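A.B. asks: Questions regarding the structure given below will be posed in turn.
What follows is calculated from the coordinates using simple rules that are stated; it is not laboratory data. Quick caveat, the model's predicted, so the values are computed rather than measured. Here the Cβ is made from the backbone with ideal geometry for all residues, glycine too, and neighbour counts use every protein chain on show.
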Amino acid sequence: MALIDTGHSNINRQPDISPTYWSEVSGMAATAWDPGFIYMSGGAYAVTDLNAWSKCYDIYSECAQPPSKLNTRSEMTAGDNCAGVITSTGGVYKYILTSIETQTGSMEFPTTDAHLSIGAARPVANTSALYMEISNGNPTSIHANALGPFCSIKFNQSSDAGVAALIAYSGGARYLNFYPGNTLVMQMQETLGVLPGANNTFDLGTSGTTWKDIYATLSAGAGNKALRWNTGGKFTYVDTLIFSAGWGNLISGTYPNIIIGADSSLLATKLYVKHYNDSIKATILSSIRDTVWALTQSFRLGTSATRTIDVTLSNVTGFSATVLNGATYTFEAKLYTTSNVAGGVNYAIGGTATASSIIYEGLTTDAGLTTQSRGTAMAASVGNVTAVTAAYTVITGTIVCNATGSLTLQFAQNASNASASTILAGSTFIVTRIN
């Protein structure tokens, strides 16, 4: 074979004298130039003629060889080209495959910035292993068709100790499953929505990383429950709902038992009720109305209370409030009476509750004359007077409870008489919690 120098080759052209014909590479053995040799360097393959249009496919080269060199019109594609290509001299080096194993269906890329571009070249180097540019008419970017019941995308990193993360698809019921490690944490299903991986196991957010707002139409608890905000920063479904101080908004179940200020540490200052229909609204307001005694309990006597030949203090029906252990209350009774001048009126504050302290005052006025008396124990007589016929009595006081029970107005004649002594209908008794 004859070697012809057409002026485009580097045959016997010494690099330091004719540098145009050479490209410096690293990692090769450095020896002195020997004019007794014919040098035909230029890599495993070289295309140097400016007019050449060369396409090289499935190239083989050894790693010890210098890289191949292309002109600007040439292209090298695929092959086990371990020597590589000097891309700075021109040409197109589309990709190198270190191996293609079509028998087993596998394809391997080099690990240094290995990537695959589909539709267009990757816009920025070292940013993605897979880049796709999809036309408007093709909305599906990646299509994984599972021939079995399960397919997934796997993620792992060298520091994960072999524990990978998965996004997996389960056929049949069409679940999309999320595994941040070895545990199924969340599922998405087309009719059920978003589900936890296991019942009562995973949180939504943490104490230091919370969601900003949650928008929902309904909050469904365990059966017919109310939703309570705990001091630990969590909602709990409960049978009885307690409103505490400082709450801006609170969600309740459809038929909860609502208690406002139900123990000594809770006292509502404002109440906001949001409703979605008149039925739920009526239920909530009815429940609040029926249990509002925990803050202020107001009573108006609908039927007159009468005592005849009776000097024993006893409860006035309709004038009894429930008071709680550890709570402090004020109370006030405004009583309109009639009596025989020889029978008179007598009152006390009693009930089943016990008091660590109590004080109350009774002022009875009739025909411009006022009788005043004070009690410092349960069932102590106050406002009692005999010679009255149309007395008006006001009883005011405070109590600190040390046992939950009833607080009741009691009434009797001051002197036994066959003519009735009566508290008239329209009289009132109000008990208000103040702590």
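A.B. asks: Going by how many other beta carbons lie within 10 Å of each one, how would you line up Met378, Met132, fewest first?
C.D. replies: Fewest-to-most Cβ neighbours within 10 Å comes out as Met132, Met378.
A.B. asks: Can you give me the Cα centroid spacing of the range 359-393 and the range 154-186 in angstrom?
C.D. replies: Centre-to-centre distance over Cα atoms comes out at 80 Å.
A.B. asks: So for each of 362-371, 348-357, 122-131 I average, over its residues, the number of other beta carbons within 10 Å; can you give me the resulting order with the highest mean first?
C.D. replies: 348-357, 362-371, 122-131
A.B. asks: Going toward the positive end of the dipole of the range 296-433, with +1 on Lys and Arg Cβ and -1 on Asp and Glu Cβ, which of Asn414, Ser357, Val323 do you reach last?
C.D. replies: Towards the positive end, the residue furthest out is Val323.
A.B. asks: What's the exposure ranking of Phe178, Phe429, Phe319, Phe155, going from fewest to most Cβ atoms within 10 Å?
C.D. replies: Arranged by neighbour count, lowest to highest, Phe178, Phe429, Phe319, Phe155 become Phe155, Phe178, Phe319, Phe429.
A.B. asks: Let me ask you something else. By counting other Cβ atoms within 10 Å of each Cβ, how are Ile167, Ile423 ranked from fewest to most?
C.D. replies: Ile167, Ile423
A.B. asks: Per-residue HN-Hα couplings for the range 344-358, Karplus 6.51 cos²θ - 1.76 cosθ + 1.60 at θ = phi - 60°, whole Hz, x for Gly and Pro?
C.D. replies: Rounded to whole hertz, the list is x, 9, 8, 9, 7, 10, x, x, 8, 5, 10, 10, 7, 7, 8.
A.B. asks: Something else now. Would you calculate the separation in nanometres between label points at Cys82 and Val311, each defined as 7 Å from the Cα along the Cα-to-beta-carbon direction?
C.D. replies: Rounded to a tenth, the inter-label distance reads 12.4 nm.
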